[in-house]
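Each remark here refers to the structure printed beneath this line.
The values are calculated or read from the model by the stated rules, or taken from the named source; none is laboratory data. Since the model is a prediction, treat every value here as computed from it, not as a measurement. Every residue, glycine as well, gets a Cβ built from its backbone with ideal geometry; the counts of neighbours run over all protein chains shown. What goes into the accessible areas is simple: the full protein's heavy atoms, side chains included, and nothing from ligands, DNA or RNA. Shrake-Rupley method; radii C 1.70, N 1.55, O 1.52, S 1.80 Å.
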Amino acid sequence: GLLVVAKNDLAHAGLTAQFADHGRTGPLERAYLALAWGVPEPRAGTIEAHLARSVRNREKIAVVRGEGGRHAITHYRVEAVLGTEAPVALVRCTLETGRTHQIRVHLSHRGHPLLGDAVYGGAFKTKAGRLGPEARAALDTLGRQALHASVLGFAHPRTGETLHFESPLPPDLQALVGALRAGA
């Protein structure tokens, strides 16, 4: 997926400020495509939940109740539903904040972890057995969570020009989507 790299200290400072501001005062835009188990209801909405290190497993991030943790907001929209035996949703996620593992944790918290996510979706491994052979093979080949940074927009740190970049799904995720569609 997309990422931004600063070539000098001035660019780094300008980009860091934009990401810290979460786009509240500028053109920062971040959107991701994810393949999630099941179909979120409603099919479009906002997940707003505070995130912090898990007290049970310090290597994981978890949703925390109340005002603890860091405020996190993910807007989502189901783009397509793939398969019937073990439905999978192609979900577009737009970040209002940018916390560690935010999309993975928010979707898993709602009961729709990402395909291939061993950290936040391990309990859903049995669902893979309900996929058709082609989809199961594509998921096994993936070897990672099904998440792709598809849109990135920001102000150029020197000129202020609004830049916008888009990246199509990479071949491994395209193959998985195709296999899921074929199994529908």
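Accessible area per residue for the chain in Å², computed with a 1.4 Å probe and the full protein assembly in place, what is it?
That works out to 54 Å² for each residue.
Would you please give the residues with an amide H less than 5 Å from that of Leu163, counting only those at least 5 places away or on a separate chain, with H modeled from the backbone geometry?
It is Phe154, Ala155, His156, by chain and number.
Using a simple spin-label model with points 7 Å from Cα along the Cα→Cβ vector, what separation in nm is obtained for Glu161 and Ala149?
For the pair Glu161/Ala149, the computed spacing is 2.1 nm.
Going by a ≥ b ≥ c, the root eigenvalues of the Cα gyration tensor, does segment 51-173 fall in the rounded group (a/c under 1.5), the prolate group (a/b larger than b/c) or the oblate group?
On the way: a/c = 2.19, a/b = 1.22, b/c = 1.79.
It comes out oblate by the Cα gyration axes.
Any aspartates and glutamates with Cα under 18 Å of the Lys60 Cα? List them, leaving off those in the same chain fewer than 8 positions away.
Those aspartates and glutamates meeting the cut-off are Asp117.
Please work out how much accessible surface Ile61 shows to a 1.4 Å probe, ignoring ligands, DNA and RNA, in Å² rounded to 10.
Counting only protein heavy atoms, the figure is 20 Å².
Exactly which GluC sites (Glu not before Pro) in segment 85-179 are in a DSSP loop and have at most 11 other Cβ atoms within 10 Å?
Of the GluC sites (Glu not before Pro), the ones in loops of segment 85-179 whose Cβ has at most 11 other Cβ atoms within 10 Å are Glu161.
Which percent of the accessible area of segment 37-116 is formed by carbon and sulfur heavy atoms (probe 1.4 angstrom)? Spell out each step's value before the answer.
Numbers: 1800 of 4020 Å².
Roughly 45 percent, rounded to a whole number.
So what's segment 4-95 giving for Cα Rg divided by 2.2 N^0.38 Å, two decimals? Walk me through the numbers on the way to the answer.
Numbers: Rg = 16.7 Å, N = 92, 2.2 N^0.38 = 12.3 Å.
Rg over 2.2 N^0.38 Å, computed on Cα atoms: 1.36.
Can you compute the helix-only [θ] at 222 nm over the chain? Use -39500 (n - 2.57) per DSSP H run of at least 4 residues, normalise by all residues, nearest 500 deg cm²/dmol.
After summing the helix terms and dividing by the residues of the chain, the value is -7500 deg cm²/dmol.
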